[in-house]
Amino acid sequence: MTKVNRKMRMGMIGGGKGAFIGGVHRLAANLDGEITLVCGAFSRDPQKSKESGEEMYLSPERVYGTYQEMIDSEKEISEGERMDFVSIVTPNHMHFAPAKYALENGFPVVIDKPLTFSYEESKELLKLVKETGLLFGLTHTYTGYPMIKEAKELIKSGKLGKIRRVVAEYQQGWLSTKLEDGDQKQADWRTDPTRSGKAGCMGDIGTHAENLAEYVTGLKVKELCADLTAFVEGRRLDDDGNVLLRFNNGAKGVLFASQVAAGVENAIRLRVYGELGGLEWSHEDLNTLIVRWLDKPAEILRTGVNYTNLSDRSLINTRVPAGHPEGYLEAFANIYRNFAKTLKARMNGESIDNEAYDFPTVEEGVRGMAFIDAVVESNEKGSVWVKINE
């Protein structure tokens, strides 16, 4: 077998002209020089897809009008020239069909969150991933931060003792007014249940908080009690919510998310407390992790500092010297880089440190969809306790 020693070749579905997240994915995928974009179906409008491809300097024959055309055509190109995997960056309701078609035709997938439009679709994708054995990545971006990885490793070591309490939050203020009535494309589809799904704020950003809580602690939310609100008059989906959590080890937690916290930009925060200590992380100071101890002063850990103290998991996902900020794009890029390195290792029949080069997978995506279903069910039944579907 000839060893693969080249960049991984990516095809993209969605993310054309005027789309915010497509550009973020392309920047992140390109950051480490492990991936190159070779083709795309960037819009349902073939002309817009063509124009988007021109802006990205792609060969015209590799810019397609539909995702089916792209996958069918790329499948016929020789290995090493065709795309190695597909990146899907469409709105929520258009995630499932292209992901399913890609997997059925032998292409690994990276997909934006949430995984699918519904829990039922997510279970079907999970089944297909297991059947095909293909690599599948989900861009829960915030798991890519070095200090989040350090927090995960610290809890895994047992130094904090048994985890008792988890507080996860994600607050924004951008939907404090009814932006969806204007020309704001993001507000339009994110507040539309036919495109976003059954939850608004909780589906869009609450799932990030849920994912962080489970990723860092290694625990699973087993049941919850939710109270959702649409504060903006006439809005069809929730823009604020509070959730009580019960974890599978007996820990209790609180999760709250809001997109009507006026004046707030992107305030994600995680606090976890065990028998012997706790940790605190805030997106507004993302290169800092505060560790509190029951019997000694608190520690402040910084990205890239104290090399003898930080874990390999954290250091491998750190790019620049201490004091140089690492942010959103770098965290996003960690997911793409780790996916690309894992894919290349698989292609070469080699092993890789799956913990150091980890990334969210289809399983986390299914958990997110089950969380959304449980939150909505709890709220609709009058804020009762609901078990999360396993």
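The single residue among TRP293, TRP385 that is loosely packed, with under 14 Cβ neighbours inside 10 Å and in contact with a helix residue (DSSP H, G or I) (Cβ under 8 Å, 6 or more places away or on another chain) turns out to be TRP385.
Counting the residues of the stretch 160-173 that are under 26 Å from LEU329 (Cβ atoms) and either buried (at least 19 other Cβ atoms within 10 Å of the Cβ) or assigned by TED's automatic domain parsing to the domain that holds ASN105 (or both) gives 5. Filtering the stretch 211-234 down to residues that are hydrophobic (A, V, I, L, M, F, W, C) and assigned to a loop (DSSP other than H, G, I, E, B), which residue is nearest to LYS252 (Cα to Cα)? Across the stretch 211-234, the extreme among qualifying residues is LEU219. Among the residues making up the stretch 174-192, those that are among the hydroxyl-bearing types (Ser, Thr, Tyr) and either modelled with pLDDT under 90 or closer than 10 Å to ASP239 by Cβ (or both) are SER176, THR191.
Residues checked against (1) surrounded by 17 or more Cβ atoms within 10 Å (Cβ to Cβ); (2) over 26 Å from GLY80 (Cα atoms); (3) in the same structural domain as PHE117 (by TED's automatic domain parsing):
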position	(1), (2), (3)
HIS324	no, yes, no
PHE332	yes, no, no
TYR336	yes, no, no
GLY349	no, no, no
GLU355	no, yes, no
PHE359	yes, no, no
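Picking from residues in the stretch 1-40 that are of a type in the set (Val, Ile, Thr) and part of a helix (DSSP H, G or I), the one that is surrounded by the fewest Cβ atoms within 10 Å (Cβ to Cβ) is ILE21. For the stretch 187-210, filtered to residues that are among the basic types (Lys, Arg) and assigned to a helix (DSSP H, G or I), the residue that is farthest from SER282 (Cα to Cα) is ARG195.
Taking the residues in the stretch 197-221 that are hydroxyl-bearing (Ser, Thr, Tyr) and buried (at least 22 other Cβ atoms within 10 Å of the Cβ) as candidates, determine which candidate is nearest to ILE155 (Cα to Cα). So the residue we want is THR217.
Of the helices (runs of 4 or more DSSP H) lying entirely inside the stretch 308-390, those containing at least 2 residues that are more than 21 Å from the chain's Cα centre (by Cα) are 328-347, 362-380.
The values are calculated or read from the model by the stated rules, or taken from the named source; none is laboratory data. Bear in mind that the values here come from a model prediction, so they are computed numbers and not experimental data. Don't worry about glycine lacking a Cβ; one is built from the backbone with ideal geometry, like all the others, and counts go over all protein chains shown.
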